[in-house]
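Read through the structure below, which is laid out as structure tokens, and then see the notes.
Rule-based calculations on the coordinates, nothing more; no lab input. Nothing here was measured: the structure is a model prediction, and the numbers come from that model. Quick reminder, even Gly has a Cβ in these numbers, built from the backbone with ideal geometry, and neighbours come from all protein chains shown.
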Amino acid sequence: MNSVSKSTGLELANIAANPIPDGASAGFMKTTDNVQLRYAIFRSATQKKRGTVCLVHGRCEYIEKYFETITDFQKRGFDVATFDWRGQGGSERLIKNPRVGYIEDFDDYLTDLVSFHTDILLPDCPGPYFLVGHSMGGLVSLFAAARDRLMFDRVFLSAPMVAVETGLSLSTAANVLGVGKFLGLSAMPLTPWDFPQVSEKTFPGNDLTSDFDRYMRMVKTLDHRPDLEIRSPTIGWGAASFNAMLKANRAEFPAAIKIPVLMLAAASDTVVSTAAIEHLGVNARIARHAVIPNARHEIFMERDPVREQALAAFDAFVTEQTKY
């Protein structure tokens, strides 16, 4: 077993606008390749236990951003286990600049997930296990569903990063970024400008959510813990991620998915491609999709009517008895 240190949740930011859910414990663990990850477990107080939700986030995200959603799962009888990906949130940074997103290879995220599954989820959390992933975490989840049918019972995804719109094909973007990586530019920001710090001023026209209060909750959390924030991706992250998306769009990928998957796409998403999610959902025998109207990219951070649709879809998916 890898190195694991546990505590009572002091590693988690706790502010009035975004309090830590009840039943929390948190700590740090080491992956099989010796990267330190921050993780947390949130126990449900309900009398009837229904298993554990393993919650994996998108690029730039962190545990605290999902406190409200974690509470929603707890109320349904699920314990929730989650962690920050390497290079973001409260986990170990991989390059000197802590404010940019970097990864060597997209499979390193799978190393994070498998290490967490082995060292935290299996020994400390009750089954069955449901993997819930958003955006970048959704793409990692799809690869997990394709590679190991025994890790999770079902996979529920919010706006998975199957493809993004750049004006270039996935293969062209992957090749261009691969050249930058070959030239030793992996740690260079992908854009010549820094992404702005989130604030009240950045809410109008943002790509993430139409809910002002939930957006400001994120702002206040990062004001309290600015060390959790990363902004621009690097060329290395881009090269790794576009190669991963290219694999997910190959004709043979849908047939590789081995466990039931439900993907929710946001109708007003300007971050990831809703059309690519729909295409995968149509072609995968064991995966399905649904499009939520009037939703921007971060479905779980959206207005109540959008969130209620997402949670209703989760409820139906994890409790249905239909056999694939």
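Rank Val164, Gly178, Leu222 by how far each Cα sits towards the positive end of the charge dipole of the range 148-243 (+1 on Lys, Arg Cβ; -1 on Asp, Glu Cβ) and give me just the farthest.
It is Gly178.
For the residues His289, His279, His57, what sequence is obtained by ranking on other C-beta atoms within 10 Å, fewest first? Don't jump to the answer; show the numbers that get you there.
Working: His289 20, His279 16, His57 24.
Fewest to most other Cβ atoms nearby, the residues stand as His279, His289, His57.
What number comes out for the charge environment of Val100, summing +1 per Lys or Arg and -1 per Asp or Glu over other residues with Cβ under 12 Å away? Mind dumping the intermediate values first?
Working: positive: Arg59, Arg93, Lys96, Arg99, Arg231; negative: Asp194, Glu229.
Every neighbour counted, the sum reads +3.
List the pairs from Lys96/Lys247; Lys65/Lys96; Lys49/Lys220; Lys48/Lys258 whose alpha-carbon separation is above 27 Å, in the order I gave them.
Working: Lys96/Lys247 30 Å; Lys65/Lys96 24 Å; Lys49/Lys220 33 Å; Lys48/Lys258 29 Å.
Beyond 27 Å between Cα atoms: Lys96/Lys247; Lys49/Lys220; Lys48/Lys258.
Just want the answer: with Cβ charges of +1 for Lys and Arg and -1 for Asp and Glu, which residue in Phe242, Phe143, Thr69 is farthest toward the dipole's positive end in the chain?
Of the options given, the answer is Phe143.
Quick one: Cα centre-to-centre distance for the range 188-253 and the range 77-127, in angstrom?
With the range 188-253 and the range 77-127 each reduced to a Cα centre, they are spaced 17 Å.
For Met216, Met245, Met136, what ranking results if the residue with the fewest other Cβ atoms within 10 Å of its Cβ goes first?
Values: Met216 16, Met245 22, Met136 28.
In order of increasing Cβ crowding within 10 Å: Met216, Met245, Met136.
Sort 63-71, 267-275, 165-173 for me by packing, meaning the mean count of neighbouring Cβ atoms within 10 Å per residue, highest on top.
Values: 63-71: 22.8, 267-275: 18.3, 165-173: 13.8.
The packing order, highest mean first, is 63-71, 267-275, 165-173.
Please work out which option in (i) 128; (ii) 145; (iii) 158 gives volume of the Cα convex hull per residue in Å³ calculated from these coordinates, and answer with its label.
Answer by label: (i).
Report the one residue of Ser232, Leu264, Asn97 whose Cα lies farthest in the direction of the positive end of the charge dipole of the chain (charges on C-beta: Lys and Arg +1, Asp and Glu -1; origin at the Cα centre).
Positive-end residue among those listed: Leu264.
Within 10 Å of each candidate Cβ there may be at most 10 other Cβ atoms; applying that plus a DSSP loop requirement, which trypsin sites (Lys or Arg not before Pro) in the range 257-296 survive? Spell out each step's value before the answer.
Numbers: sites: Lys258, Arg285, Arg288, Arg296; in loops: Lys258, Arg285, Arg296.
Counting only loop positions with at most 10 other Cβ atoms within 10 Å, the trypsin sites (Lys or Arg not before Pro) in the range 257-296 are Arg285.
Test of understanding: ordering His224, His297 by Cβ neighbours within 10 Å, fewest first, what list do you get? Let's see the in-between values first.
On the way: His224 14, His297 24.
Fewest-to-most ranking of His224, His297: His224, His297.
So what is the calculated 222 nm ellipticity per residue for the chain, using -39500 (n - 2.57) for each DSSP H run with n of 4 or more, over all residues, to the nearest 500 deg cm²/dmol?
On the way: 9 runs with 101 residues, N = 324.
Helix contribution divided over all residues of the chain: -9500 deg cm²/dmol.
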